[in-house]
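Beneath this line is the structure, given in structure tokens, with notes to follow.
The values are calculated or read from the model by the stated rules, or taken from the named source; none is laboratory data. Keep in mind the model is a prediction, meaning the values are calculated, not measured. As a convention, Cβ positions derive from the backbone with ideal geometry for all residues, glycine included, and neighbour counts pool all protein chains shown. Keep in mind that these areas ignore ligands, DNA and RNA; they rest on the heavy atoms of the full protein, side chains included. Shrake-Rupley method; radii C 1.70, N 1.55, O 1.52, S 1.80 Å.
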Amino acid sequence: LPIGVTVDPKTSTVYIANENGNSVSVIKEATNTVTATIPVGQAPLAIAANPQTGRVYVANVVSNTVSVISARTNQVTATIRAGDGLSAVAVDPRTDRIYVANAFSGSVSVINGATNQVIATITVGLQPQGVAVDPRTGTVYVAQFRGNSVTVIHGTTGPATATIPVGKTPQQLAFDTASGAIYVANMGGNTVSVLSP
């Protein structure tokens, strides 16, 4: 069951998390063919790439780990224990910080990409489902599925600084680098909330 997808623009490579297969498929854009299948943890649910370092981060919801994949070798180079119920992952390429939403523990784990160590755990609220980073400022946005809100974190290790009400059961976030807007998909209301920068 393919569920997550990310692209490394530097190498024109697509990475897809296969939740039921406990693996990641690697696709080269030039040929649109699968060039590798990489085993990861149990039930990979989210995936993000850091084109600056050539690493791909996979959030495994059942094993509560983040698999770190080398884009050069297509091998898992590290496995990092994070929170409970990993539901989303985002990368800040400027600071080499990785943010992982932990749905069951109501927190975000902050990973130092250089050391593969969790350097902070930030309490954010009710069942975080999505996470996005503004790479210009390092501001982190977290969708609170049961809180009907988005939590804002300024700085690389928190704490949370604001909570913004959005639609019902927000699940995913996307950041627009051109306008600075955050788009929030609200599953329960079939709406999209737009947060201005």
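Brief remarks on what is shown
- 3 or more residues of a type in the set (A, V, I, L, M), open to solvent by 30 Å² or more (accessible area, probe 1.4 Å) and in contact (Cβ under 8 Å) with a residue 12 or more places away in the chain: qualifying strands (runs of 3 or more DSSP E) within the range 21-80: none
- Number of residues in the range 165-190 that are among the β-branched types (Val, Ile, Thr) and either in contact with a Leu (Cβ under 6 Å, 6 or more places away or on another chain) or loosely packed, with under 14 Cβ neighbours inside 10 Å (or both): the value is 3.
- Test: residue in the range 152-162 that is hydrophobic (A, V, I, L, M, F, W, C), closer than 25 Å to Glu19 by Cα and modelled with pLDDT under 95: no
- Annotation: of all residues in the range 126-148 being in contact with a Gly (Cβ under 6 Å, 6 or more places away or on another chain) and crowded, with 19+ Cβ neighbours inside 10 Å, the one that is farthest from Leu173 (Cα to Cα) is Gly147.
- Filtered by the rule that a residue be open to solvent by less than 10 Å² (accessible area, probe 1.4 Å) and either closer than 19 Å to Arg146 by Cα or hydroxyl-bearing (Ser, Thr, Tyr) (or both), the range 88-102 gives Ala88, Tyr99, Val100, Ala101, Asn102.
- Those strands (runs of 3 or more DSSP E) of the range 106-181 in which at least 3 residues are under 17 Å from the mean Cα position of the chain (by Cα), considering only elements entirely within it, cover 107-112, 117-123, 128-133, 140-144, 149-153, 170-175.
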